[in-house]
Amino acid sequence: MTSTIKIQRTEHPKQRPLDKDLGFGTVFTDHMFIANYDEGQGWHSPRVVPYGPLELDPATAVFHYAQGIFDGLKAFRGVDDKVRLFRPDRHVQRMNESAARLCIPPLDPELALDSIASLVATDRDWVPRTIGTSLYIRPTIIATEPFLGVRAAKSYIYFVIMSPVGAYYPKGMAPVDIRVEEQFVRAAIGGLGGVKTGANYAASLMASELAKHEGFTQVLWLDGVHRKYIDEVGTMNIMVKIGDEIVTPPLGGTILPGVTRDSALTLMRRWGLRASERQLSIDEVIDAHRAGELAEVWGTGTAAVISPVGELTYKGHRMPINGGGIGPVTQRLYDSIVAIQYGKAPGPDGWTLAV
Ligand SMILES: *Cc1c(COP(=O)(O)O)cnc(C)c1O
């Protein structure tokens, strides 16, 4: 497959930022990957080209009806200087599930994996070196047909861009304050909540802007029907430790199937912890807090890996968790996943792919 990807190297390599100056998603590497889809032809012309703007007709479908999907994964430079992707096969599989929901033709999984691997190999020098830094990879598919009728488009582009990113926690994991959202909903059963598409993010902006204005880091989403069951926290999956049970909401409706969520569940079960995928109501969380059983709460996602929640606020009622500190399972998960990503510890089979 790799041989079918044409590689055109840039003649103007950019200056790479120093690791200490890296933020998130502001600087992009020298190259990007592109492939086209046209009706009758399928996906074609896979290529690595110099990073640069796309030229698109203003009538392009994705601008109007949001027919587009994306994913997000990372490459890490290990302590042994090897560059590893973390569970890229799961990300490719999820990207195709997102594509299916948005009526976008699926990619050949092998080509998708190759597109990422060959782009990372081309820009290998862009993978930063300091522990905690990484290369964020953003595969995206957009409908490109210039047509204002509402239906699935007949042409698409798949592109992959990459951004070297700084450590999410330069000074160690930091617990965040979260407000339980009562007014807005992120997703409803039968909607798009289970897939990674920009529309979900557009729907979430107002709630998170208001919460930030009130001094919170993010919102905790409740289900859209009863406003009762916990869905996700910001753009992360959520896990709640009540007594000795760790609970996370089940997939299959409004929950995005996070790769970090799956990794955390797998590790916790290997460690012999009781990790349940079941519905969890906000009332159960409040009762657990009253009973002194609300031990730990954390979010999971590629950007932060694990994000401890220090305090939950529901209807003005504040519930500090673990004294606002980081709990033992939260810390162990973070340390274990990071160790696998940087090649310090072997993960379960197939979790990392050296490029
Ligand atoms: C991407 C995403 C996550 C986390 O998924 P990971 O694969 O762990 O990065 C969780 N929730 C939402 C809404 C997301 O978009």
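Data table
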quantity	calculated
Those strands (runs of 3 or more DSSP E) lying entirely in region 1-117 with at least 1 residues within 25 Å of residue 202 (Cβ to Cβ), away from the ligand (no atom under 16 Å from the Cβ) and open to solvent by 30 Å² or more (accessible area, probe 1.4 Å)	31-38
Some residue of region 130-146 being of a type in the set (Gly, Ala, Ser), surrounded by fewer than 22 Cβ atoms within 10 Å (Cβ to Cβ), touching a residue at least 24 places away in the same chain (Cβ under 8 Å) and more than 30 Å from residue 324 (Cβ to Cβ)	no
Of all residues in region 1-56 being of a type in the set (Phe, Trp, Tyr) and closer than 20 Å to residue 74 by Cα, the one that is modelled with the lowest pLDDT	24
Residue among 352, 302, 313 that is within 28 Å of residue 99 (Cα to Cα), at pLDDT 95 or above and in the same structural domain as residue 227 (by TED's automatic domain parsing)	302
Residue 201, sole failed condition from (1) under 30 Å from residue 311 (Cβ atoms); (2) touching a strand residue (DSSP E or B) at 6+ places or on another chain (Cβ under 7 Å); (3) of a type in the set (Phe, Trp, Tyr)	(2)
Close pairs (9 angstrom Cβ cut-off, 6 or more residues apart or separate chains): farther than 30 Å from residue 12 by Cα in region 39-52, surrounded by fewer than 11 Cβ atoms within 10 Å (Cβ to Cβ) anywhere	none
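The values are calculated or read from the model by the stated rules, or taken from the named source; none is laboratory data. Here the structure is a predicted model, which is why all the values come from computation and not from measurement. Note that each Cβ is placed from the backbone with ideal geometry, even for glycine, and that neighbours are counted across all protein chains shown. Just so you know, the surface numbers come from the protein's heavy atoms only, side chains and all, with ligands and any DNA or RNA stripped out. Shrake-Rupley method; radii C 1.70, N 1.55, O 1.52, S 1.80 Å.
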